[in-house]
Amino acid sequence: MKGQSAVEFLVIVSMLLLILGPLWIEVSQVLQQQQSELRVTYAKTALGEIQRAADIVAIQGPPSSITLRLYVPTDIVNSSISGKEVQFTIALGDARTDVVALTKTNVVGDLPTEEGFYRITVKAENGYVNVTH
């Protein structure tokens, strides 16, 4: 009888693993996708705030400036500010995606690529806006 109970227990555990294994894989894939989408959303939010601040200080002219406190998400592999474009490049697994915000004026400066909260200063200069951290 003990042998039969052990076999029955083994069968039940095997069936549970067959059911839960694919479910676990699916849940982990969905979670990874959601985390990627969240990083892109954080990047869009940060760049949108920079874009709005640059447009505001450009209209007001020198010496106006705005200081922002922004969150830079993880897996940013590059950031660039040139012309009327502010951009983050994000690594999403094996792929990369660019998140871009367009301003109404020329912008120069640099943005951090490491994850964390930063103070970003957006300052109007003669003919352009300077973005620094």
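Put one equal scatterer on each alpha carbon of region 2-132, apply the Debye formula with no solvent term, and list log10 I(q)/I(0) at q = 0.17 1/Å to two decimals.
-0.85
Sum up the lysine pairs in the chain that clear both bars: alpha-carbon distance under 22 Å and a spacing of 8 or more or different chains.
6
Mind checking the angle between helix 2-60 and the chain's longest principal axis? C-alpha axes, 0 to 90 degrees, to the nearest 10.
Orientation of helix 2-60: about 10 degrees from the principal axis.
For the chain, with only Lys/Arg (+1) and Asp/Glu (-1) charged at the beta-carbon, what is the dipole magnitude about the Cα centre, in debye rounded to 20?
300
In a shell of Cβ-Cβ distance under 14 Å around Gly127, excluding Gly127 itself, what net charge do Lys and Arg (+1) and Asp and Glu (-1) give?
Net local charge, Gly127 excluded: +2.
Which of Gln51, Gln87, Gln34 ends up with the largest GNM mean-square fluctuation for the chain, with Cα atoms connected below 10 Å?
Greatest mean-square fluctuation among the candidates belongs to Gln34.
Return a whole-number percent for the relative contact order of the chain, with Cα pairs under 8 Å and 6 or more residues apart as the contact set.
25
Laboratory data are not the source of any read-out in this text; all were calculated from the coordinates shown. Please read all numbers here as calculations on a predicted model, not as lab measurements. Reconstructed Cβ throughout: ideal geometry from the backbone, glycine too, with neighbour counts over all protein chains shown.
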